Amino acid sequence: FLMETNEKSEVLPGVATSWELSSDGLTWTFTTRKGVKFHDGKEVTTEDVLWTLRHYFGPQAVDYASTQAQIIARFTDRIEQTGPDKVSMTSKQPITYLSILLSQAGPAWKGVLPKREKLQDDADRKAFDKNPIGAGIMKLVDLSPAYSIKFERFDDHYYQPKNGFPEDKRVNFKSLDLLLVPEEATRVAARR
């Protein structure tokens, strides 16, 4: 997430150390935090943030993005790198809820992704879906389609006291196994 939230739903710095909104309400500028790592150990760069915002909210995203992202994409004028660690997103009209959308409280935000050559390519997406890499608190270690998903705690997640944060947002468990039960009656029986 570019931004985090606390128990009061206040938006806090995350992958973005800071952000500002222009006086006309049209341009959000985000400063990228140094030292954040993807699950494969590579550092999250400003170029990754730029690619991610363009992928989710660039004008072309109206053809493939989620409904919420399509709404933002329709209003997006441009997304550009405006400094060595800054990315700016300019819209045609104010998008007042963008900070919430880009935080962990947002309904559609999926987090910063490693940049790829193209903003949208089905072959790239399918390859990435088989081996997804993110920078979140859990990393995918195994996926058995229609059966299970296994995650492992990402110990190098940036949001922890050793990196100057007031709390440790890493989970207190090492692994998480989700078993998928596609048939509704079986899910109901299992819950009972």
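The values are calculated or read from the model by the stated rules, or taken from the named source; none is laboratory data. The shown structure was predicted, so the numbers you read here are calculated from the model rather than taken from an experiment. Glycine gets a Cβ as well: all are built from the backbone with ideal geometry, and neighbour counts include every protein chain shown. Areas reflect the complete protein model, heavy atoms only, side chains present, ligands, DNA and RNA absent. Shrake-Rupley method; radii C 1.70, N 1.55, O 1.52, S 1.80 Å.
Ligands, DNA and RNA left out, the accessible area of the chain computed with a 1.4 Å probe is 52% carbon and sulfur. Can you tell me how the stretch 113-183 classifies by the Cα gyration tensor, rounded, prolate or oblate, using a/c under 1.5 as the rounded cut? Cα axes put the stretch 113-183 in the oblate bin.
Comparing 29, 17, 45, which has the greatest mean-square fluctuation in the GNM of the chain with Cα pairs linked when under 10 Å apart? Among 29, 17, 45, the largest GNM mean-square fluctuation belongs to 17. Applying a DSSP loop filter and a limit of 14 other Cβ atoms within 10 Å to the trypsin sites (Lys or Arg not before Pro) in the stretch 1-77 leaves 8, 34, 42.
Descending by average beta-carbon neighbour count within 10 Å, the peptides 166-175, 89-98 line up as 89-98, 166-175, the highest first.
Using 1/(1 + (r/R0)^6) with R0 = 22 angstrom and r between the beta carbons of residue 122 and residue 17, what's the FRET efficiency to the nearest 0.05?
Rounded to the nearest 0.05, the efficiency is 0.05.
Just by accessible area at a 1.4 angstrom probe, what is the order of 3, 138 from largest to smallest?
Reading off the accessible areas and sorting them downward yields 138, 3.
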